[in-house]
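What follows is one structure encoded as structure tokens, with my remarks underneath.
The values are calculated or read from the model by the stated rules, or taken from the named source; none is laboratory data. Remember, predicted model here, so these are calculated numbers, not experimental data. Because the Cβ atoms are built from the backbone with ideal geometry, glycine has one as well, and the counts that use them run over all protein chains shown. Please note that ligands, DNA and RNA were not included when accessible areas were found on the heavy atoms of the full protein model with its side chains. Shrake-Rupley method; radii C 1.70, N 1.55, O 1.52, S 1.80 Å.
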Amino acid sequence: MPIVTRTFVKTALVYFVVALLTGMLVAARPVLELPPLVIGLTPVYFHLFMVGWVTQLIIGIAYWMFPKYRRDMPRGYDSLAWTTYALLNLGLLLRLVAEPAQTVSPAPSWGWLLALSALLQWLGGLAFVANTWPRVKER
Amino acid sequence: MPRLSAWFVRSALIHLTLGFTFGGLMLWNKGLPLHPALWRLLPAHIEFLLVGWTVQLALGVAFWILPRFYSSRGNTKPAWLAFFLINGGVWLAGMGAALGAPAPVILLGRVLEAGAALAFAIHAWPRVKPLSPEVKP
């Protein structure tokens, strides 16, 4: 298993645990009367699960198992794969902080961080598609 | 990768791009408001990423790697049908809801998606088998 895949899959496993713990926290809020900050975690919970766990696991496995790009570059551009990793995770972590914060205390700085998070994750998605598309080959 | 898998995966990648674009626009709009109408993209964002990306990728990879009958993948017509049904369903249910289409349009989208599931199950069912003949004791 290449190092890019190992990094994606291990990070995905961390998100899997964190996402379900976040879901637990959201469900516990009305029972334990947790602070309003926890309400802002609901969309974060969905995205930790779907982007951090599901999509990142798929990306890691696709990078490993999809048909080879070229003999000298079997898995496409490694730099693009690492760029995908950095953009997706930085964007997701920014969201993890900025979204609940904006829910309890709306401020322009949180708004800018959310916009930056959106841009980073979108670019991460595009980087993955750009590196994967040429490897989807009929045989 | 067989032709149908390539089609499923390419379509999944297109839906990933569109789903991420819708999500990115909504998240940006949450931080720095652009236009309130962007929230209408939510059903398309969900449909495109859950069904158009994740489910469709799973179908494409399953068609590729499930056990074969020697070199044949069996009856591939239901799998091709599933490809057209799932894509039609995602667009009708996702974009229909985003554009405020009447309820029957969204229902039709969901019917097509359910049909895709049934068609793919009919194709894949016989391929879920041991790799070699079972040896009786």
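Tell me which residues come under 5 Å, amide H to amide H, from A:Gly76 once H is placed; ignore anything under 5 positions away on its chain.
Amide H neighbours of A:Gly76, under 5 Å, 5+ apart: A:Tyr69, A:Arg70.
Whole Å is fine, so just give me how far the alpha carbon centre of segment B:26-82 lies from that of segment A:62-139.
About 18 Å separates the Cα centre of segment B:26-82 from the one of segment A:62-139.
Helix-only estimate, please: 222 nm mean residue ellipticity of chain A, summing -39500 (n - 2.57) across DSSP H runs of length 4 or more and dividing by its residues, to the nearest 500.
-24500 deg cm²/dmol
Quick one: divide the alpha-carbon radius of gyration of chain B by 2.2 N^0.38 Å and tell me what you get.
It is 1.27.
What distance in nm separates the two pseudo spin-label positions at A:Ala130 and A:Met65, each 7 Å out from Cα along the beta-carbon direction?
In this crude spin-label approximation the distance works out to 2.7 nm.
How large is ³J(HN,Hα), in whole Hz, for each residue of segment A:17-30 in order, when computed from phi with the Karplus curve 6.51 cos²θ - 1.76 cosθ + 1.60 and θ = phi - 60°, using x for Gly and Pro?
Residue by residue, segment A:17-30 yields 5, 4, 4, 6, 5, 5, x, 5, 5, 4, 5, 7, 4, x Hz.
If a paramagnetic tag sat 7 Å from the Cα of A:Leu34 along the Cα-Cβ line, which residues of segment A:94-114 would have the backbone N under 13 Å from that point?
A:100, by backbone N distance to the label point.
Tell me what chain B gives for mean residue ellipticity at 222 nm when only DSSP H runs of n ≥ 4 count, each as -39,500 (n - 2.57), the sum divided by the residue total, rounded to 500 deg cm²/dmol.
-19500 deg cm²/dmol
Using each residue's phi in segment B:19-26, evaluate 6.51 cos²θ - 1.76 cosθ + 1.60 at θ = phi - 60° and report the 3J(HN,Hα) Karplus result to the nearest Hz, with x for Gly and Pro.
Along segment B:19-26, the couplings run x, 5, 5, 4, x, x, 4, 5 Hz.
From the square roots a ≥ b ≥ c of the eigenvalues of the alpha-carbon gyration tensor of the protein assembly as shown, which class results: rounded (a/c under 1.5), prolate (a/b over b/c), or oblate?
Prolate, because a/c is 1.5 or more and a/b exceeds b/c.
Please calculate the 1.4 Å probe accessible area of A:Asp72, with all protein chains present, and give it to the nearest 10 Å².
Approximately 110 Å² of A:Asp72 is accessible to the 1.4 Å probe.
So how much accessible surface do B and A hide from each other in total, probe 1.4 Å, in square angstrom to the nearest 100?
Protein heavy atoms only, the B-A interface buries about 2500 Å².
How big is segment A:3-135 along each principal axis, measuring the range of its Cα positions in Å and listing the largest first?
Extents along the principal axes, in whole Å: 58, 30, 18.
Can you work out the Karplus-derived ³J(HN,Hα) for every residue in segment B:78-91? Use 6.51 cos²θ - 1.76 cosθ + 1.60 with θ = phi - 60°, whole Hz, and x for glycine or proline.
For segment B:78-91, the Karplus-derived couplings read x, 5, 5, 4, 4, 4, 5, 5, 5, 6, x, x, 4, 5 Hz, x marking Gly and Pro.
Round to the nearest 10 and give me the degree value, 0 to 90, for the angle of helix B:56-65's Cα axis relative to the longest principal axis of chain B.
20 degrees
Would you please state which residues of segment B:72-103 a label at B:Ala121 would reach in this model, taking the label point 7 Å out along Cα→Cβ and a backbone N cut-off of under 19 Å?
Only B:75-87, B:89-90 pass the distance filter.
Take A:Val14 and A:Val104, extend 7 Å from each Cα along the Cα→Cβ direction, and tell me the distance between the two endpoints in nm.
2.4 nm
If R₀ is 41 angstrom, what is the calculated FRET efficiency for the pair A:Arg139 and A:Trp82, using the beta carbon separation as r and rounding to 0.05?
For R0 = 41 Å, the calculated efficiency reads 0.90.
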